[in-house]
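Asks: Take this structure first; my questions come after.
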Amino acid sequence: MKIIHYVLLLSVLLSACATNPVSKQKEFVMMSEKEELQLGQQLAAEYARQLPLLPDEHPLSRYVDGVGQKLAQVSDRPQLFYDFHVVDDSTINAFALPGGHIYIHKGLLTHLNSEAELAAVLGHEIGHVTARHAVARYTQIQGYQLGMVLTSIFVPVPQALGTMADLMAQSFIMGYGRKQELQADELALKYAPAAGYDPYAVVSLLATLKRLEDIDKLERMDSGEKVPEYHGAFASHPETKRRIREAAARMQSVNGGIVGREALLHMLDGLPYGDSPKDGAMVGQRFIHPELGIQLAFPDNWVAKNTPEALTARVRKEKAYFMLTMKKLSKRQNAEAVLRSMFKPRYIHELRTGMLAGKPYARAWVRTSAPHVSRAWIDVSVRLDGPRAMIMSMWCPRDQRDQYAGQFQQIFQSFRRYDKARDGDVPRIALDRWKSGDSWQKLAQRSGQKLGRYTARRLAALNGMDVAAQPQPGTLIKIVR
């Protein structure tokens, strides 16, 4: 009877077909439009709780929504209500949920150089909605589930089904398959000119993404990380070079339109570059966090990276590491007690206490394993600030403690209270005019290499250019102050 039940279920599913709004062809799907819209609303409510979204009344949110609504009206599903949101973080990303919920991260927005490029991004994400790519992904995952259920008649697979809901939620943010991403590019080339925008912005946008990919790869290789090749279950975005070639090949069939370069640049003026102020920011080799009221600095041979979860760093191409995290405390206790609770007593050596930037701290050497180093010495400091413990860890192989102890001490001693007059603000986008004789290298030097070792490349990419290219004198450009 169980086998008959699943065979009947399979026959019902195979009959589920619907007309795709873009292709106008029948396709096998396992979700109705009503279910699609309901899923989008549920996910949007969840993401509103989890993601750092700019308020809808923020000028940048209103601007993005205004451009997005123009594109939505000329899309293949104009009857939907579209919602456009700005995610307040430095990620270079945009994504779409089922039913018309579109998100663009501030990190991507700051690297756009015209309203037409914004239209290209939003048109691409609208394309995912109109072509029902989320429904196709859902159908694919449900198909996996069904296959597992049918298999489980003969071979039990108790844990496999539990992962499917997680895969579904993650896949919307991480992107779709190669074929679907290329179709979304194609739809952006359709919707942008229909809304009055220059479709060539799709090509210039993809070129910027390629430059950012290249810089990221350079920085990761420079720090000593292994950079994986383009593969994996969620390596969904087609190689950017291929997307540029295919988009450029289709440009012959479309006409020009609104570019809106200065309109967009003026909207970006004053925005934080990279990290949100609430997460702190790297300024050259210094880390500042105005909200926590702290700052520290790294020696020149260290490469640091700040994320909302942690500040991490490592010595370039060597096995010495740093991590700064925050821990919420459940009860009142001193810094020494917090540190002792983290490790077994026999691992803790040379423990001392004192005051660090006006707050009590405990510090010790800990002999144990650590990320990337199985046998390590860890220089651990715990600094209390009300109900929070700030944990600063620096580690290296055990036989290299003497080699790095001086640098660990230098970082520790650089830790002090943040003072805006002395330490400056987080980096922000500012507008300037390109002057005769300027170069990206000269601008990088004048900024004090504010964006790290590849500041010149980053400033050029910020303006949609290669580092060897130069705007015409008088051209409005973005710099970082």
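The values are calculated or read from the model by the stated rules, or taken from the named source; none is laboratory data. All values derive from a computational prediction rather than experimental measurement. Here the Cβ positions follow ideal geometry from the backbone for every residue, glycine too, while neighbour counts run over all protein chains shown. Protein only, heavy atoms only, side chains kept; ligands, DNA and RNA dropped before computing areas. Shrake-Rupley method; radii C 1.70, N 1.55, O 1.52, S 1.80 Å.
Asks: Out of all the residues in segment 85-107, which are hydrophobic (A, V, I, L, M, F, W, C) and open to solvent by less than 10 Å² (accessible area, probe 1.4 Å)?
Replies: Within segment 85-107, Val86, Val87, Phe95, Ala96, Leu97, Ile102, Ile104 qualify.
Asks: Let me ask something additional. Can you tell me which of (1) among the basic types (Lys, Arg); (2) closer than 29 Å to Met267 by Cβ; (3) at pLDDT below 95; (4) open to solvent by 60 Å² or more (accessible area, probe 1.4 Å) is the one Lys450 doesn't meet?
Replies: (4) is the only condition that Lys450 fails.
Asks: Considering only segment 276-320, state which residues are within 21 Å of the chain's Cα centre (by Cα) and charged (D, E, K, R).
Replies: Of the residues in segment 276-320, the ones within 21 Å of the chain's Cα centre (by Cα) are 276-284, 287-289, 303-314.
Result: Lys278, Asp279, Lys305, Glu309, Arg314.
Asks: Follow-up question, since we're still on this one. Restricting to segment 174-194, and then to whatever is among the small types (Gly, Ala, Ser) and either assigned to a loop (DSSP other than H, G, I, E, B) or open to solvent by 10 Å² or more (accessible area, probe 1.4 Å) (or both), can you tell me which residue is modelled with the highest pLDDT?
Replies: Selected residue: Ala194.
Asks: I'd like the residue in segment 117-135 that is touching a strand residue (DSSP E or B) at 6+ places or on another chain (Cβ under 6 Å) and more than 14 Å from Tyr63 (Cβ to Cβ) and, out of all such residues, is surrounded by the most Cβ atoms within 10 Å (Cβ to Cβ).
Replies: For segment 117-135, the residue satisfying everything is Val129.
Asks: Also: Being closer than 13 Å to Ser393 by Cβ and either of a type in the set (S, T, N, Q) or in contact with a His (Cβ under 9 Å, 6 or more places away or on another chain) (or both) is the filter here; which residues of segment 325-347 pass it?
Replies: The answer is Thr325, and nothing else.
Condition check ((1) in contact (Cβ under 8 Å) with a residue 40 or more places away in the chain; (2) open to solvent by 40 Å² or more (accessible area, probe 1.4 Å); (3) hydrophobic (A, V, I, L, M, F, W, C)) across all residues:
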| residue | (1), (2), (3) |
| --- | --- |
| Val338 | yes, no, yes |
| Glu350 | no, yes, no |
| Gly354 | no, no, no |
| Ala362 | no, no, yes |
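Asks: Determine the pairs where a residue that is of a type in the set (Val, Ile, Thr), located within segment 449-474, has a partner that is outside any loop (DSSP other than H, G, I, E, B) with Cβ atoms under 6 Å apart, the partner being 6 or more residues away or on another chain.
Replies: Partner pairs satisfying both residue conditions: Thr455/Ala444; Val467/Trp440; Val467/Ala456; Val467/Arg457; Val467/Ala460.
Asks: So how many residues does segment 456-470 have that are out of contact with any strand residue (DSSP E or B) (no Cβ under 6 Å at 6 or more places or on another chain) and either at pLDDT below 95 or part of a loop (DSSP other than H, G, I, E, B) (or both)?
Replies: Count: 7.
Asks: In segment 40-76, what count of residues is obtained for those that are open to solvent by 70 Å² or more (accessible area, probe 1.4 Å) and closer than 24 Å to Leu187 by Cα?
Replies: 4
Asks: A follow-up question, please. Give segment 311-321 a look and list any residue that's aliphatic (A, V, I, L, M) and either part of a loop (DSSP other than H, G, I, E, B) or without any contact (Cβ under 8 Å) to a residue 24 or more places away in the chain (or both), or say none.
Replies: Ala313, Ala320
Asks: Might you let me know whether segment 432-448 holds any residue that is under 24 Å from Val315 (Cα atoms), in a helix (DSSP H, G or I) and without any contact (Cβ under 8 Å) to a residue 12 or more places away in the chain? First the steps, then the outcome.
Replies: Step one: filter segment 432-448 for residues under 24 Å from Val315 (Cα atoms), giving 444-445, 447-448.
If we keep only those that are in a helix (DSSP H, G or I) too, we end up with 444-445.
From what is left, the residues that are without any contact (Cβ under 8 Å) to a residue 12 or more places away in the chain are 445.
Within segment 432-448, one or more residues are under 24 Å from Val315 (Cα atoms), in a helix (DSSP H, G or I) and without any contact (Cβ under 8 Å) to a residue 12 or more places away in the chain.
Asks: Just to be sure I understand, how many residues within segment 195-230 are over 19 Å from Val259 (Cβ atoms), in contact with a strand residue (DSSP E or B) (Cβ under 9 Å, 6 or more places away or on another chain) and open to solvent by less than 40 Å² (accessible area, probe 1.4 Å)?
Replies: Here the count works out to 3.
Asks: As an exercise: evaluate Tyr103 against (1) part of a loop (DSSP other than H, G, I, E, B); (2) within 17 Å of the chain's Cα centre (by Cα) and give the number of the one condition it does not meet.
Replies: Status for Tyr103: all satisfied but (1).
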